[in-house]
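The values are calculated or read from the model by the stated rules, or taken from the named source; none is laboratory data. Values in this document were obtained by computation on a predicted structure and should not be read as measured data. Because the Cβ atoms are built from the backbone with ideal geometry, glycine has one as well, and the counts that use them run over all protein chains shown.
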Amino acid sequence: MLLAEALDDPGGRARAYYVMALRYASLRAPRTAADLFGLAGEVARSIDDPVALTMALTGQAILQVSRDLQAALGLHAETLEAARRSGNRGSIEVCYLNTISAELTAGHLSAVAALLATAWDLAVVPAVAIALAAQQAWLNEALGLPVEAPSDDVGVPDEPSARSWRACHEITWHLSRGDTGRAAQVARGMKDDLLAAGGLEDDFMLMWPPAVLAAFAAGQLDGVNELLEPVLTAPPNTVSDAVAAHLLQFRGRLSATRGGDPDDTEALLGAGIEALDAYGAHGYRAQAQEEFARWLVDQYRPEDAQPLIDAARATYTDIGATGWLARLDAWDASRQPAPMS
C-alpha cells in the first residue's frame with residue numbers, strides 16, 4: 001500500500017486493499033474483510049480496472065453469500081460482467097461456479113440448470129470441473145434425476161477445496177444408492193479439508209450441511225457432533241447467518257433423534273425454519289419444514305404437521321424440485337390409512 005501511495009498507483013491500491021481483505025478474512029474478521037473488499041472495488045471502478053474489480057467483487061460476494069443472499073446474487077451478476085470484460089477465462093469460470101452456488105442456495109433450480117449448461121462448456125480448470133460435478137449431482141438429486149458417480153477422468157488437485165468438492169459429490173452419489181454408511185464415512189473424513197479450505201466462510205455454508213445430513217442419515221450421532229463442533233465452538237460474531245440457521249436446524253434434529261425435551265426440540269426446529277427463511281434459502285427451508293413435519297407426526301401431532309407438509313410441497317412445486325416432491329409425497333402416502341376394501 002505504501003508503494004502504491006508513493007507511486008500514485010490506484011491499481012496498486014486496489015490490489016493492496018484486496019490482499020489485506022484476504023488476510024483479515026483468514027483471521028476470522030469478516031466485517032473488516034468486507035470493508036476492505038468494498039474499498040478495493042471502489043478504487044477499481046474509479047479507474048475502470050475490470051481485473052481488480054473482478055477480484056474485489058468476488059471477495060465481497062463470497063462473504064455476502066452466507067449473510068445476505070440477495071445482495072450476493074446481485075454482486076455475482078456484476079462480477080461476471082467484470083470478469084468477461086477482463087478477458088480472464090479462469091475468472092469467468094470461477095464466477096460461474098460462485099453464481100451457481102448462490103442460486104442453488106436460494107433454490108433457483110431452473111437458473112442453476114441454465115448456468116451449469118454454460119459453465120460446463122467453459123470449464124477447463126480441473127478444480128472448477130470437480131466443483132461443477134458436485135453441484136450437478138445436487139441439482140439432479142433435487143430434480144429426481146440419476147446422480148452419476150464421480151469421474152476419475154479429471155485428477156483431483158492436491159488442495160483442500162478440490163478434495164472437499166469431490167467428497168460432496170461422493171456423498172450425494174452414495175446416498176443416491178442408499179449407502180448411508182459410506183456417505184457418512186466420506187462426510188466425516190472431509191472435515192479437516194473443509195475447514196482448511198476457508199474456515200467457516202466461502203463454500204463452507206454450502207458443503208457443510210450435506211456432510212452433517214449424511215451423518216444423520218447413517219444414524220451416526222458421534223459423526224454429527226464431530227461436524228457440528230467447529231461451529232459450536234466458534235466465536236458467535238464469526239458465524240454467518242446461513243451457518244447459524246443450519247446449526248439451529250441440526251441442533252433440533254439432534255434433539256429429536258436423541259429423544260430430547262419435546263419443547264426444546266420444537267423450538268429449535270421452528271427457529272431453524274425461521275432463520276433459513278429470513279436468510280432466503282427457500283429449498284433448505286422447505287426441507288427443514290418437511291423434517292419438522294415428520295417429527296410432529298412421530299409425536300402423534302398430524303394436525304400440527306399438515307401446514308408444514310403443505311408449505312414444503314408448495315415450495316418444491318414452485319422451484320421445480322420434483323425429486324424432493326416425490327420423496328415427500330411417498331412419505332405422506334405411507335402414513336395415510338389404507339383404503340377400506
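So here's what we get for this one:
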| item | result |
| --- | --- |
| Filter pass, Asp332 being closer than 26 Å to Ala72 by Cα, out of contact with any Ser or Thr (no Cβ under 7 Å at 6 or more places or on another chain) and among the charged types (D, E, K, R) | no |
| Gly144 vs. criteria modelled with pLDDT of 95 or more and surrounded by fewer than 23 Cβ atoms within 10 Å (Cβ to Cβ) | yes |
| Residue satisfying condition, being touching a Pro at 6+ places or on another chain (Cβ under 8 Å) and over 21 Å from Asn88 (Cα atoms), within set Ala4, Ala25, Ala34 | Ala4 |
| Tabulated pairs, the stretch 186-209, first over 20 Å from Leu97 (Cα atoms), second part of a loop (DSSP other than H, G, I, E, B), C-beta under 8 angstrom, 6+ apart or interchain | Arg188/Gln220 |
| Candidates Leu296, Leu247, Leu269, filtered to the one that is closer than 21 Å to Ser101 by Cβ and outside any loop (DSSP other than H, G, I, E, B) | Leu247 |
| Sole exception among (1) in a helix (DSSP H, G or I); (2) out of contact with any Asp or Glu (no Cβ under 7 Å at 6 or more places or on another chain) for Leu145, by number | (1) |
| Filter pass, Asp68 being closer than 20 Å to Asp9 by Cα, surrounded by fewer than 24 Cβ atoms within 10 Å (Cβ to Cβ) and of a type outside the set (Val, Ile, Thr) | no |
| Subset of the stretch 34-44 (residues that are modelled with pLDDT of 90 or more and within 26 Å of Ala278 (Cα to Cα)) | Asp35, Phe37, Gly38 |
| Which listed residue is in contact with a Lys or Arg (Cβ under 6 Å, 6 or more places away or on another chain), outside the structural domain of Ser176 (by TED's automatic domain parsing) and touching a residue at least 24 places away in the same chain (Cβ under 8 Å), from Leu248, Leu276, Leu268, Leu254 | Leu276 |
| Filter pass, Ala162 being modelled with pLDDT under 95 and part of a helix (DSSP H, G or I) | yes |
| Filter result (under 18 Å from Thr105 (Cα atoms) and either of a type in the set (Lys, Arg) or over 27 Å from the mean Cα position of the chain (by Cα) (or both)) within the stretch 270-304 | Arg285 |
| Residue match in the stretch 182-201 (condition: in a loop (DSSP other than H, G, I, E, B), at pLDDT 95 or above and either closer than 30 Å to Pro146 by Cα or in the same structural domain as Ala134 (by TED's automatic domain parsing) (or both)) | yes |
| Conditions (1) surrounded by 20 or more Cβ atoms within 10 Å (Cβ to Cβ); (2) within 28 Å of Leu143 (Cβ to Cβ); (3) in the same structural domain as Ser26 (by TED's automatic domain parsing); (4) touching a residue at least 24 places away in the same chain (Cβ under 8 Å): number failed by Leu75 | (4) |
| The stretch 45-99: number of residues that are modelled with pLDDT of 90 or more, over 21 Å from Ala244 (Cβ atoms) and assigned to a loop (DSSP other than H, G, I, E, B) | 3 |
| Every residue from the stretch 92-127 that is among the hydrophobic types (A, V, I, L, M, F, W, C), more than 18 Å from Ile319 (Cα to Cα) and within 16 Å of the chain's Cα centre (by Cα) | Val94, Cys95, Leu97 |
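Every residue, every condition in (1) free of Cβ contacts under 8 Å to residues at least 40 places away in the same chain; (2) out of contact with any helix residue (DSSP H, G or I) (no Cβ under 6 Å at 6 or more places or on another chain); (3) not charged (D, E, K, R); (4) not assigned by TED's automatic domain parsing to the domain that holds His282, yes or no:
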site: Leu80; (1), (2), (3), (4): yes, no, yes, yes
site: Val94; (1), (2), (3), (4): yes, yes, yes, yes
site: Trp120; (1), (2), (3), (4): yes, yes, yes, yes
site: Val147; (1), (2), (3), (4): yes, no, yes, yes
site: Glu159; (1), (2), (3), (4): yes, yes, no, yes
site: Glu170; (1), (2), (3), (4): yes, no, no, yes
